[in-house]
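Comments concern the structure below.
The values are calculated or read from the model by the stated rules, or taken from the named source; none is laboratory data. All values derive from a computational prediction rather than experimental measurement. Counting neighbours? That spans all protein chains shown, and the Cβs are built from the backbone with ideal geometry, glycine included. Remember, those area values only see protein heavy atoms, side chains included, never the ligands or the DNA or RNA. Shrake-Rupley method; radii C 1.70, N 1.55, O 1.52, S 1.80 Å.
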Amino acid sequence: MNVTEGPGLRPRRNPKRSPWRYVVIAAMLFLALALADVVLTNPNFGWPVVGRYLFSAVILDGLLLTLELTAVVMVVGSVLGVILAVMRTSTNTFVARGAWAYIWFFRGTPLLIQVIFWFNIAALFPRISLGVPFGPTLAGIDANTLVTPWTAAVLALSLNEGAYMAEIVRGGLLGVDRGQYEAAQALGMRPSKVFGIILPQAVRTIIPPTANQLVTTFKNTALVSVIGLADLLHSAQVVYALNYQTIPLLIVAAFWYLLLTSLLSYVQSLLERRYSKGYAPRSRPKAATGTSDAVALKEA
């Protein structure tokens, strides 16, 4: 009996390559060359202007503010997301429904509307006061003084981020084996202690989507340009409003967004690889399987 035809062995086959494979490759190369020709030879792209402003102070200041805004929003949104996730999984129906309503509202309305709303909050509340309901006012401050463009951006992005992070954290908590909860409750642990045990186990499934959410948040910061906050996009808009070089300045902004997004995506891939270790399904080695099956067939 030929061992290469045994039930435990799979004969190696070299699949025939379709001629259409080379047609597709040729078409893709043609499109790439055509695109390169358009980009490099069209003077309207203004590559000298791009090089002049790529590392200019105004663009780098806008980039720094974008990074600062992203960091603040991720920290505030993550903390808020954890709180909402705990509320969402609570056995108290009132608390769980309240968290659901929050997530439903902030995920269901466009982020741009939220940014504009918080920036114009003074139209709804000209003066923000602290006092007793239906009683005297203890303190108050003008809404325009309190809610600056930076404050409006942080509020809008953080509240929106909290809704998305809540679902990410909740998914991680639900991914932990139910027996862990039951064992902790059987030992008489307080809910805070149980959460301290469950959350570290959920980190494996929380970290990768959180890294992806970081990339999304970094790009969403461009929306704050509509309220005049001097982020990366707004800085580019200010420059091209003066020199009328719209396309080159948009290319400059796109370059920094692409560069930082690529770096964040690389970090995301490292985190996914790191936290997936030990959890991927292991397949049986083919070489060992084939050898053992061959020996068994020879003995038979």
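Every condition in (1) out of contact with any Ser or Thr (no Cβ under 7 Å at 6 or more places or on another chain); (2) exposed (fewer than 15 other Cβ atoms within 10 Å of the Cβ); (3) farther than 24 Å from L249 by Cα is met by A36 except one, and the failing one is (3). I'd like to know if the stretch 121-130 contains one or more residues that are hydroxyl-bearing (S, T, Y), more than 23 Å from the chain's Cα centre (by Cα) and either in a helix (DSSP H, G or I) or modelled with pLDDT under 95 (or both). Yes, the conditions are met somewhere in the stretch 121-130.
Scanning the stretch 28-58 for residues that are among the aliphatic types (A, V, I, L, M) and more than 23 Å from W256 (Cα to Cα) yields M28, L29, L31, L33, A34. Applying the criterion of at least 2 residues that are over 28 Å from L112 (Cβ atoms) and open to solvent by 60 Å² or more (accessible area, probe 1.4 Å) to the helices (runs of 4 or more DSSP H) found wholly in the stretch 149-244 leaves 178-186, 191-220.
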